[in-house]
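Working notes for the structure below.
The values are calculated or read from the model by the stated rules, or taken from the named source; none is laboratory data. Here the structure is a predicted model, which means the values were calculated and not measured. Cβ coordinates were reconstructed from backbone atoms using ideal geometry, including for glycine residues, and neighbour counts include every protein chain displayed. To get the accessible areas, we keep the full protein, side chains included, count just its heavy atoms, and leave off ligands, DNA and RNA. Shrake-Rupley method; radii C 1.70, N 1.55, O 1.52, S 1.80 Å.
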Amino acid sequence: MTRHHMTILTASFVLAGLVGYAQAQENGSSEEEGGQPQGITETQDESSEQGASDDEAQTDEEDVASTEESSVTPTGPGGRVDTGPAGEAPSGDDQASLPRPGPDAWMETPDSWGTFNGDLRAQKYSPAEQITPENVSELEQVWEYHTGDVSDGSDNIPMSVWSATPLFINDTLYLGTPFYRIIALEPGSGEEKWTFDPDARLEALTQPNMKNRGVAYWQADDPQEGEACQKMVYIGTMDAKLYGVDADTGEACADFGEDGMLDVNQWNTVNDKWPLSLLQPPTVYNDTLFLGWAGKDWTDAAAPPGTVFALDARTGERKWTFHALPEEVIERTGTANVWASMSLDPETGLLYIPISSPSPNYYGGNRTEEMPLATSVTALNTETGEVVWSRQLVHHDIWDYDTVAPPTLVDIQQDGESVPALVQPSKQGFLYVLNRETGEPIYPIEEREVPRSDVEGEEAAPTQPFVDTPEPVIPDEWPGVSKLADIVSFGECSRKAEGLRYEGLFTPPSLEGTIAYPPTTGGSQWGGGAVDPESGVFVINSNSVVQIYRLIPRDEFEQLEQSGETGGYYAQGDTDYGFHLETFLNWAGMPCWKPPYGTIAAYDLNTGERLWNVPFGQVQKHGFYMPESWGSVTIGSPVITRSGLIFIGASMDSRVRALDMESGEVLWKHLVDAPAVSMPAVYTYEGKQYVTFAVGGNSILLPKVSDQVVTFALPD
Amino acid sequence: MASNPQGTPYGAWLLLASSIIAWILAVVATFNEGNGIAYTPGTYLVLFSTTLLVIGALLLSFVRGMGRGLSGLLVFLILLDLLGTALAAYLLEANGLLIMMGVGLVAWLIHLVADPASGKHHRTTQRKEAATS
């Protein structure tokens, strides 16, 4: 036995729960499931036209609490648009109109990092070139700042999970915290400019942890000097409040909502069992905020049905509300919401939304109707909320395969022509490359037969869409039993695997237990990928995790422990089955499947070829670092610079790294206080390039939290 | 075991020195926040193991009355401690500690081949004392 083997063997003993934390997860942050039909869906088809007047009446009932005038228009297959007082009703024509308002000039500056994804196209790309593969090893910490908004869960405040992208715009660095404060910092020094504290409720109303993914910024096209709230910063809270403050002073904007606060829960009128948690900052475009929400889809069957709101950026007045679920199903299901970030083509004015699965997550016997917009990527007209096209990525989702990441928009070169494309990552591991104007696949999507459910009452879809090109981010088949874990457990892993159902991807949950690969953790997660728009190279991190899905008949189900997003027992409302979710570990807590547990890969979108795929990060358990060849489960996202670098935190080992775009080789790494599960901001301020990470941790990876903001640059 | 029954136990002293340095490094690793491993079970483990190592090295350096079996057992346990701590240090990426374990292993080897054997030396001395009384 070599020293390396000995190291691995010993490391394995201590590895224990490590991936355990990582895996089960995400059902929380994800929230819901999907419908069945498939394929591209043209907007305003006959079915959507049908019953328009009925829909109007019914949807008005939904908005019972609202005193606003509204009109409802069916859109897309099963979707509806409810036009608010500040909005403009869809034309109702058979063909959805395409807005063409053009980009906001203030957002298109190359030095800034003005949105959650760096820009509206979710490219996560900076044209900055000062820091290069040749000099990145000289990168040093310039400053660090601690927000003070952190909780390890040991007191009255739930554990904090902080995934905020810092925004750099208006010569200021803006951060939202998991306690829902806004902090404005001087970018070069980290000195505090101002803070805003809404005194938000710090309770786990929908999520098990206090979560926040940052703030959004808007400014008027022609800001008037000396006039307040010409530039605004927004933050949402878990209890559905959206705050708007002046970007220069931090003072609440009186014209926004009521004295700076908009209660979004006023529109939560159907199955309103919990508030519409505003953890993801809105997407800002053309003086409008596009706002989704998060909830939970594992406790109830009927839950708030998925909606996206378009709000006037100055006043918060509602322009329109998009409803993702058909009216006739919402008594028995819900969610199919948009809890992750969106992307937007500023040239065409199309908004791309990743829609999650309907509730409950893992049993669909109560919702067998077609819900074509669930677990889909859907393009909306930003002016009217109409569906322009939609593509369902999982039919009748019973795996919690929410569409979780924003599609990345990029023009790719094919046959000498530039094609407007988008890349939609997914939990199931596929990268769907579509024409973003039509939704048609650029690389083939094939409907293939998949295993049937053997659970009474369940009607799993007979086929599901598969993608071969680009190569999926994880293998087609589950990795198989790890010999090491099997030896350590005296054969427990292999014995357990033999008793589980597994017939490939999309094997339905079962009573005996189903190997889910990938499970609810993905594959890819909410961070999505990054792209170099010049070369068409797309980079994405991913997870290789195995979980066991087990349905439990209602009369046998007991609500035992539930560790939030990491596994346990989920009631699934009053459906015929409860659910048990567990990560496939042995008695020692070692993963029963073969590593690597996390990788990062690069793809040439022009050809669909995968350029490289390497283990990324290191697992850390009890302080011990596991071998690099095992990789790490990751949460977060890479960003790319024109100089050929990838910056990413994301891994369990509390390190941030710079990688070579050409090879994936780690060129620089730096220890931070916890896993940096946010995406970094790369920007240029006063002629100098900076990289800033918000370091917050995530209980899915490790019970390690922080409130650190840390910025790096080259020495002067 | 040792080939120098009358000499200075350089190996044991070197082991003691490296153990003390290792213990200090383990303390720093355990309580120095921001190193990525502080306050983890892994650092508590090396703190405990280096404490044992220091005790073992002290016994090896200064106790002359141990029987052959006990002395051999002590030397064996020290070897296990060195190897185990080295592995833990490797996995903790505590390079200073790992280097000290390397030095400790060299010291252990020196002790094995060159240091006076404490148990044997003690009995030889006793016999000589008995013969001259």
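If you roll a 1.4 Å probe over the heavy atoms of the protein chains, what accessible area per residue do you get for region A:141-259, in Å²?
The answer is 37 Å² per residue.
About the Cα centre of chain A, how large is the charge dipole given +1 on each Lys and Arg Cβ and -1 on each Asp and Glu Cβ? Please answer in debye to the nearest 20. Working shown, then result.
Numbers: 39 positive and 112 negative charges, 650 e Å.
So the magnitude is around 3120 debye.
Please check region A:664-683 for residues whose accessible area, probe 1.4 Å, is lower by 40 Å² or more when all protein chains are in place than in their chain alone.
Buried-area filter returns A:Leu671.
Using a Förster distance of 45 angstrom, determine the FRET efficiency expected from the C-beta separation of A:Glu459 and A:Trp194, and round it to 0.05. Let's see the in-between values first.
Details: r = 55 Å, r/R0 = 1.22.
Computed FRET efficiency for A:Glu459 and A:Trp194 comes out at 0.25.
For region A:505-596, what does the alpha-carbon gyration tensor say about shape, rounded, prolate or oblate, given a ≥ b ≥ c as the root eigenvalues, a/c under 1.5 as rounded, and a/b over b/c as prolate? Can you show the working numbers first?
Working: a/c = 2.67, a/b = 1.97, b/c = 1.35.
Prolate shape, in that a/c is at least 1.5 and a/b is the bigger ratio.
Go through A:Ala674, A:Ala164, A:Pro638 and say which Cα lies farthest out towards the positive end of the charge dipole of chain A; charges sit on Cβ, +1 for Lys and Arg, -1 for Asp and Glu.
Comparing the listed Cα positions along the dipole, A:Ala674 ranks first.
When a/c is below 1.5 the answer is rounded, else prolate if a/b is larger than b/c, else oblate, so apply that to region A:609-690 with a ≥ b ≥ c taken from the square roots of the Cα gyration tensor eigenvalues. Let's see the in-between values first.
On the way: a/c = 2.31, a/b = 1.34, b/c = 1.72.
Oblate shape, in that a/c is at least 1.5 and b/c is the bigger or equal ratio.
For region A:128-240, which whole-number percentage of the solvent-accessible area (1.4 Å probe, protein heavy atoms only) is attributable to carbon and sulfur atoms? If you can, show how the numbers build up before the last one.
On the way: 1620 of 4220 Å².
Here carbon and sulfur together make up 38 percent of the probe-accessible area.
Go ahead and collect, in residue order, the members of region A:604-623 whose backbone nitrogen is under 17 Å from a label point 7 Å along the Cα-Cβ direction of A:Asp415.
So the set is A:606-608.
Calculate for the protein assembly as shown the 222 nm mean residue ellipticity that helices alone would give, adding -39,500 (n - 2.57) per DSSP H run of length 4 or more and normalising by residue count, nearest 500 deg cm²/dmol. Each step should come with its number before you reach the end.
Values: 11 runs with 150 residues, N = 849.
Value at 222 nm, helices only, nearest 500: -5500 deg cm²/dmol.
What distance in nm lies between label points placed 7 Å from Cα along the C-beta direction at B:Leu70 and A:Glu512?
6.1
Find, among the GluC sites (Glu not before Pro) in region A:179-264, those assigned to loop by DSSP (not H, G, I, E, B) with at most 15 other beta-carbon atoms within 10 angstrom.
Numbers: sites: A:Glu191, A:Glu192, A:Glu203, A:Glu225, A:Glu227, A:Glu251, A:Glu258; in loops: A:Glu191, A:Glu203, A:Glu225, A:Glu227, A:Glu251.
When the GluC sites (Glu not before Pro) of region A:179-264 are filtered for loop state and at most 15 Cβ neighbours within 10 Å, A:Glu191, A:Glu203, A:Glu225, A:Glu227, A:Glu251 remain.
Relative to the Cα centre, what is the charge dipole magnitude of region A:136-201, using +1 at the beta carbon of each Lys and Arg, -1 at the beta carbon of each Asp and Glu, and rounding to the nearest 20 debye? List each step's numbers first, then the result.
Details: 3 positive and 12 negative charges, 64 e Å.
For this selection, approximately 300 debye.
Does chain A classify as rounded, prolate or oblate by the C-alpha gyration tensor (a ≥ b ≥ c root eigenvalues; a/c under 1.5 gives rounded; else a/b over b/c gives prolate, otherwise oblate)? Before the final figure, lay out the partial values.
On the way: a/c = 1.42, a/b = 1.07, b/c = 1.33.
In terms of gyration-tensor shape, rounded.
Considering only A:Gly306, A:Gly257, A:Thr283, whose Cα is most displaced toward the positive end of the charge dipole of region A:235-342, charges sitting on Cβ of Lys, Arg (+1) and Asp, Glu (-1)?
The one lying farthest along the dipole's positive direction is A:Gly306.
Restricting to bridges with both residues inside the protein assembly as shown, how much of the DSSP beta-bridge set is antiparallel, in percent to the nearest 5?
Working: 147 of 156 bridges.
So the antiparallel bridges amount to about 95 percent of the total.
Under the rule that an exposed site lies in a DSSP loop and has at most 14 other Cβ atoms within 10 Å, name the longest stretch of chain A with no chymotrypsin sites (Phe, Trp or Tyr not before Pro) of that kind, not counting the sites themselves. It would help to have the intermediate numbers written out before the result.
Values: sites that count: A:Phe490, A:Trp587.
Excluding the exposed sites themselves, the longest stretch runs over A:1-489.
Provide the buried accessible surface between chains B and A in square angstrom, both chains summed, 1.4 Å probe, rounded to the nearest 100.
That pair of chains buries around 1200 Å² in total.
To the nearest 20 Debye, how big is the dipole of region A:259-335 about its Cα centre, given +1 on the beta carbon of each Lys and Arg and -1 on that of each Asp and Glu?
Details: 6 positive and 11 negative charges, 31 e Å.
In total the dipole reaches around 140 debye.
Could you provide, to the nearest whole Å², the per residue accessible area of region B:10-132 with probe 1.4 Å?
Numbers: 6020 Å² over 123 residues.
Accessible area per residue, region B:10-132: 49 Å².
Could you calculate the FRET efficiency of A:Ala588 with A:Glu662 from 1/(1 + (r/R0)^6), where r is the beta carbon distance between them and R0 is 45 Å, rounded to 0.05? Don't jump to the answer; show the numbers that get you there.
Details: r = 39 Å, r/R0 = 0.87.
Using R0 = 45 Å, I get an efficiency of 0.70.
For a label point 7 angstrom out from the Cα of A:Glu144 toward its Cβ, which stretches of region A:641-667 have the backbone nitrogen within less than 18 Å?
Counting only backbone N, you get A:648-658.
Under a Cβ-Cβ cut-off of 12 Å, what is the net charge of the residues other than A:Gly257 that fall near it, where Lys and Arg count +1 and Asp and Glu count -1? The partial results should precede the final answer.
Numbers: positive: A:Lys241, A:Arg314, A:Arg318; negative: A:Asp255, A:Glu258, A:Asp259, A:Asp263, A:Asp312, A:Glu317.
Summing Lys/Arg as +1 and Asp/Glu as -1 gives -3.
Gain in length, A:Asp221 to A:Gln559, computed as 0.36 nm per residue apart minus the alpha-carbon separation, to one decimal in nm? Numbers along the way, then the final one.
Working: separation 338, 0.36 × 338 = 121.68 nm, distance 5.34 nm.
Full extension from A:Asp221 to A:Gln559 adds 116.3 nm.
Would you calculate the separation in nanometres between label points at A:Glu686 and B:Asn95, each defined as 7 Å from the Cα along the Cα-to-beta-carbon direction?
Between A:Glu686 and B:Asn95, the label points sit 3.4 nm apart.
Of A:Ala460, A:Leu120, A:Ile131, which is farthest on the positive side of the dipole of chain A, counting Cα position, with +1 on Lys and Arg Cβ, -1 on Asp and Glu Cβ, and the Cα centre as origin?
Of A:Ala460, A:Leu120, A:Ile131, it is A:Ile131.
Taking only C-alpha pairs under 8 Å that are 6+ residues apart, what is the relative contact order of region A:593-652 in percent?
On the way: 107 pairs, mean separation 17.7, N = 60.
Once normalised by length, the contact order is 30 percent.
With every protein chain left in place, what is the accessible area of A:Glu440 in Å² (1.4 Å probe, nearest 10)?
Accessible area, nearest 10 Å²: 80 Å².
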